[in-house]
Structures are given as C-alpha cells and as structure tokens.
Amino acid sequence: ILNVEQSPQSLHVQEGDSTNFTCSFPSSNFYALHWYRWETAKSPEALFVMTLNGDEKKKGRISATLNTKEGYSYLYIKGSQPEDSATYLCAFIRAAGNKLTFGGGTRVLVKP
Amino acid sequence: GAVVSQHPSRVICKSGTSVKIECRSLDFQATTMFWYRQFPKQSLMLMATSNEGSKATYEQGVEKDKFLINHASLTLSTLTVTSAHPEDSSFYICSARSGASITDTQYFGPGTRLTVL
C-alpha cells in the first residue's frame with residue numbers, strides 16, 4: 001500500500017496572505033506527481049504534472065516544487081483570494097505503475 | 001479545456017436495485033477511462049481502469065461482478081452498481097485520458113453521490 005499524505009488536512013487563510021502545504025510520498029520508485037484543485041460541486045482541475053527532482057511549476061499565483069529524494073512536494077498560493085478556496089489533491093505515480101494514488105487533500109478556505 | 005460529464009450527479013435507490021452511472025468525454029476521445037470512489041474523509045481510491053473495447057482492469061478488492069464497467073466507445077464509459085447495498089453508498093467519480101502515458105492529464109467528471117437505502 002502506497003502512503004501519500006497531505007498536510008495539513010485543512011487551513012484557513014486570510015485574503016491576501018500567502019500559504020503553502022505539503023504532499024509526502026514514497027521517495028523510492030518515484031515516477032511522477034500530479035496536483036489537482038477541486039472546488040466544491042465541480043470537477044477536479046489539473047494544475048501540474050511534475051516528474052523531475054527540483055521541478056518548479058507555476059500557474060498564475062499557484063506554484064509547486066518537487067523533491068523526489070526526500071519524497072515531498074510543496075504547493076504555494078501567493079496572495080490568496082477567495083476563489084482559491086478549494087481542496088488541493090496530490091496524486092503519486094510510482095515507477096512502472098499505471099495508476100494515480102491520491103492523498104487525502106488539503107482543504108483551503110480563504111476568508112475575505 | 002477538456003470536459004468530462006457524469007450523470008446522474010446524485011442518486012438514491014433501494015437496497016437490491018442496480019444503478020448505472022455514465023461518464024462522457026465531451027470534446028475529446030478518451031482511450032482510457034478510470035472509475036474512483038471516495039468514502040467520507042478518505043482519499044479518492046481507484047476502482048478500475050478501462051480501455052475502449054477492452055475488459056476493465058479492476059483494483060484488488062473491487063468485485064468485478066458487482067461493479068460492471070462498459071467502455072463501448074471512445075467517449076462513453078458506464079459503471080453499473082449491481083444489487084446495491086447500503087455499504088455501496090459513496091461518491092463515485094470518473095476520469096478520462098486521451099493520451100497513452102500515465103503522466104498525461106486525467107480529466108475528471110463532477111462525480112455521482114450514491115445513497116442506497
């Protein structure tokens with residue numbers, strides 16, 4: 001059983017503040033990591049696919065880093081806005097694997 | 001962006017009945033579709049992977065005779081929960097992928113909330 005952990009489970013952020021949270025995964029047999037953003041009552045939306053150690057990806061005010069040697073990825077939200085409120089999911093793919101293993105998600109609530 | 005629809009969004013049924021959930025890729029052809037379920041306070045868990053025209057591959061612990069998957073076309077996959085029981089109550093969500101690589105983006109539907117009375 002693969003252990004993909006996300007922390008914290010939830011966090012409240014004041015509008016305008018920046019925040020970050022973590023996805024931890026097995027450091028051995030890493031192949032790729034996906035990040036998704038899931039707003040309530042909508043479909044999960046793909047943010048990033050990360051494959052190389054040291055990868056940094058950016059989409060607007062959201063960015064992510066990847067450390068495959070120690071088995072973690074950070075997702076950052078700069079200058080949080082209410083529309084950033086969502087659950088952020090990471091999904092790990094192991095080498096020679098054919099499926100996504102999801103973490104439990106970090107639920108972000110941005111307060112005006 | 002690619003859009004995946006899923007119907008119904010919510011269904012309530014009596015124990016012992018069967019329920020069919022549809023997953024459609026609206027603007028692309030999906031060579032592979034995936035079915036997940038999520039129990040309260042848990043992660044999305046893959047149930048099965050299906051390729052168009054082939055039998056689905058089920059994850060360990062998922063009964064293939066209970067969760068029938070049909071992927072008859074490149075834009076439609078269906079999941080039928082047969083003889084549903086209260087323990088099958090869950091959130092079911094599909095995803096679709098056009099490319100062949102596991103790193104290609106999976107596009108998700110909005111999910112179906114199944115409640116079995």
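The values are calculated or read from the model by the stated rules, or taken from the named source; none is laboratory data. As the structure is a prediction and not an experimental result, all values here were calculated from the model. Note that each Cβ is placed from the backbone with ideal geometry, even for glycine, and that neighbours are counted across all protein chains shown.
Yes/no per residue for (1) within 27 Å of residue A:31 (Cβ to Cβ); (2) part of a helix (DSSP H, G or I); (3) hydroxyl-bearing (Ser, Thr, Tyr); (4) within 13 Å of the chain's Cα centre (by Cα):
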residue	(1), (2), (3), (4)
B:2	yes, no, no, no
B:24	no, no, no, yes
B:40	no, no, no, no
B:69	yes, no, no, yes
B:84	no, no, no, no
B:92	yes, no, yes, yes
B:100	yes, no, no, no
B:115	no, no, yes, no
- Hits in the stretch A:5-52 (condition: of a type in the set (S, T, N, Q), over 18 Å from residue B:4 (Cα atoms) and more than 10 Å from chain B (Cβ to nearest Cβ)): A:7, A:10, A:14, A:18, A:19, A:20, A:22, A:24, A:27, A:28, A:29
- Look through the stretch B:52-99, keep the residues that are aliphatic (A, V, I, L, M) and touching a residue at least 40 places away in the same chain (Cβ under 8 Å), and return whichever of them is farthest from residue A:98 (Cα to Cα). B:84
- Query: Which residues, taken from the stretch A:33-52, are over 12 Å from the mean Cα position of the chain (by Cα) and farther than 30 Å from residue B:9 by Cβ?
  - Reply: A:51, A:52
- Can you tell me which residues in the stretch B:16-30 are among the polar types (S, T, N, Q) and buried (at least 17 other Cβ atoms within 10 Å of the Cβ)? B:25
- Message: Let me confirm something: among B:103, B:82, B:78, B:112, which residue is among the β-branched types (Val, Ile, Thr) and modelled with pLDDT under 95?
- Response: B:103
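Yes or no, residue by residue, for (1) in contact with a Pro (Cβ under 9 Å, 6 or more places away or on another chain); (2) of a type outside the set (Asp, Glu); (3) surrounded by fewer than 20 Cβ atoms within 10 Å (Cβ to Cβ); (4) closer than 16 Å to residue A:92 by Cα:
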{"position": "A:8", "(1), (2), (3), (4)": "no, yes, yes, no"}
{"position": "A:12", "(1), (2), (3), (4)": "no, yes, yes, no"}
{"position": "A:16", "(1), (2), (3), (4)": "no, yes, yes, no"}
{"position": "A:23", "(1), (2), (3), (4)": "no, yes, no, yes"}
{"position": "A:33", "(1), (2), (3), (4)": "no, yes, no, yes"}
{"position": "A:39", "(1), (2), (3), (4)": "no, no, yes, no"}
{"position": "A:42", "(1), (2), (3), (4)": "yes, yes, yes, no"}
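Yes or no, residue by residue, for (1) surrounded by fewer than 17 Cβ atoms within 10 Å (Cβ to Cβ); (2) under 24 Å from residue B:57 (Cβ atoms); (3) among the hydrophobic types (A, V, I, L, M, F, W, C); (4) touching a strand residue (DSSP E or B) at 6+ places or on another chain (Cβ under 7 Å):
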residue: A:62; (1), (2), (3), (4): no, no, yes, yes
residue: A:72; (1), (2), (3), (4): no, no, no, yes
residue: A:101; (1), (2), (3), (4): no, yes, no, yes
residue: A:107; (1), (2), (3), (4): no, no, no, yes
- Message: Can you go through B:105, B:49 and tell me which one is on the phi < 0 side of the Ramachandran plot, within 11 Å of chain A (Cβ to nearest Cβ) and without any contact (Cβ under 8 Å) to a residue 40 or more places away in the chain?
- Response: B:49
- For residues that are surrounded by 16 or more Cβ atoms within 10 Å (Cβ to Cβ) and within 12 Å of the chain's Cα centre (by Cα), scanning just the stretch B:73-82, find the one that is farthest from the other protein chains (Cβ to nearest Cβ). B:81
